[in-house]
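Note sheet for the following structure.
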Amino acid sequence: RTPQSQNCSCMSEPSIGRPFDKACMPVPDKIPWKVIFTSLPVYAYAIAFFCEGWVLFTAVTHIPKFFLLHKGYDIKSAGIKCIIPFIGQFIMLFITGFLSDLFIARNYMKPTHVRKGIYVIGNVISAGCLIAVGFLDNLNSAISCLFATIIIDGATRGVMLVNPLDLATPYAGIILGIGHTACNLAGCICPLMAGHISGNMIIERWRFVFGITAGISLLGAIAYVVGGSAEEIKGITIREYRYSECPTKNSEKIGLLPKKDSTHSKSDGQ
């Protein structure tokens with residue numbers, strides 16, 4: 001709903017260049033905090049975002065240290081190659097977004113199944129690649145797995161970014177904020193946990209860190225499969241922006257009001 005659809009004078013020709021009339025400013029509905037914070041899909045979304053963040057932050061913050069200590073490779077020496085996985089992650093966002101829209105538009109799968117499928121597949125593959133890093137002796141293979149972890153994470157991140165629009169379009173920013181809070185909380189906790197466990201730097205402890213990460217990733221997949229959704233939350237009403245109706249003599253001219261049918265006007269006169 002826009003000022004055009006509400007025939008507001010603020011959209012008339014004479015008002016161009018002048019401040020909006022206060023009567024024509026949108027009046028939003030109250031935010032349904034109770035509905036949002038008692039919704040299972042919102043909690044499933046937050047848990048899934050937390051677990052996705054845990055995998056990504058583990059890969060970004062601790063794998064380089066692992067390479068340096070146990071592979072004798074300083075990843076900083078790779079130079080510009082270090083940006084390759086993040087470029088791949090960026091591209092992966094577009095690929096999964098295109099496939100998601102394709103499957104939904106052609107009714108191949110329901111939106112909820114599309115979101116869950118992409119999240120689970122992406123999360124499981126990322127966690128599997130992360131575990132493989134700790135067991136591969138070949139340096140190139142280990143680096144490839146690290147890059148794959150970051151790239152595939154783009155698929156799960158894409159789901160996390162768009163799911164709030166599914167749940168409550170008018171309040172998507174609020175739900176996204178909840179998810180990002182959970183994700184950043186993982187970014188605070190996982191480096192501390194990994195640093196404490198891998199304190200004496202032996203390879204077995206690093207593998208334990210990667211195993212914990214895989215378990216948390218699995219937890220996120222289970223939570224999202226059980227409670228996740230791409231349907232609008234029950235109790236959420238679409239926010240309507242209410243405008244004062246202020247038709248002017250120019251409204252018909254600029255298309256704000258439907259033009260009168262001259263035929264009907266003549267017949268009415270007769």
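The values are calculated or read from the model by the stated rules, or taken from the named source; none is laboratory data. Just so we're clear, the structure is a prediction, and the values are computed from it rather than from any experiment. Every residue, glycine as well, gets a Cβ built from its backbone with ideal geometry; the counts of neighbours run over all protein chains shown. Surface areas here come from the heavy atoms of the whole protein model, side chains and all, with no ligands, DNA or RNA. Shrake-Rupley method; radii C 1.70, N 1.55, O 1.52, S 1.80 Å.
Descriptive notes on the structure:
- Filtering 68, 56 for residues that are at pLDDT below 90 and open to solvent by less than 30 Å² (accessible area, probe 1.4 Å) leaves a single hit, 56.
- Residue count, segment 180-198 (criterion: open to solvent by less than 20 Å² (accessible area, probe 1.4 Å) and under 19 Å from residue 67 (Cβ atoms)): 3
- Screening the candidates 233, 254, 238, 222 for the property of being modelled with pLDDT of 50 or more, in a loop (DSSP other than H, G, I, E, B), surrounded by fewer than 18 Cβ atoms within 10 Å (Cβ to Cβ) and hydrophobic (A, V, I, L, M, F, W, C) yields one hit, 238.
- Scanning segment 114-141 for residues that are of a type outside the set (S, T, N, Q), in contact (Cβ under 8 Å) with a residue 24 or more places away in the chain and over 18 Å from residue 208 (Cβ atoms) yields 114, 115, 116, 118, 119, 120, 121, 122, 124, 125, 139.
- Across segment 135-148, not a single residue is classified as touching a Lys or Arg at 6+ places or on another chain (Cβ under 6 Å), part of a loop (DSSP other than H, G, I, E, B) and farther than 23 Å from residue 37 by Cα.
- Residue list for segment 86-117, filter: among the small types (Gly, Ala, Ser) and under 21 Å from residue 44 (Cα atoms): 97, 100, 117
- Boolean, residue 104 is under 14 Å from the mean Cα position of the chain (by Cα), modelled with pLDDT of 90 or more and in a helix (DSSP H, G or I): no
- Identity of the residue in segment 163-178, surrounded by fewer than 19 Cβ atoms within 10 Å (Cβ to Cβ) and either in contact (Cβ under 8 Å) with a residue 40 or more places away in the chain or in contact with a Gly (Cβ under 7 Å, 6 or more places away or on another chain) (or both), that ends up nearest to residue 88 (Cα to Cα): 178
- The condition of being modelled with pLDDT of 90 or more, over 18 Å from the mean Cα position of the chain (by Cα) and open to solvent by less than 80 Å² (accessible area, probe 1.4 Å) holds for only one of 114, 35, that being 35.
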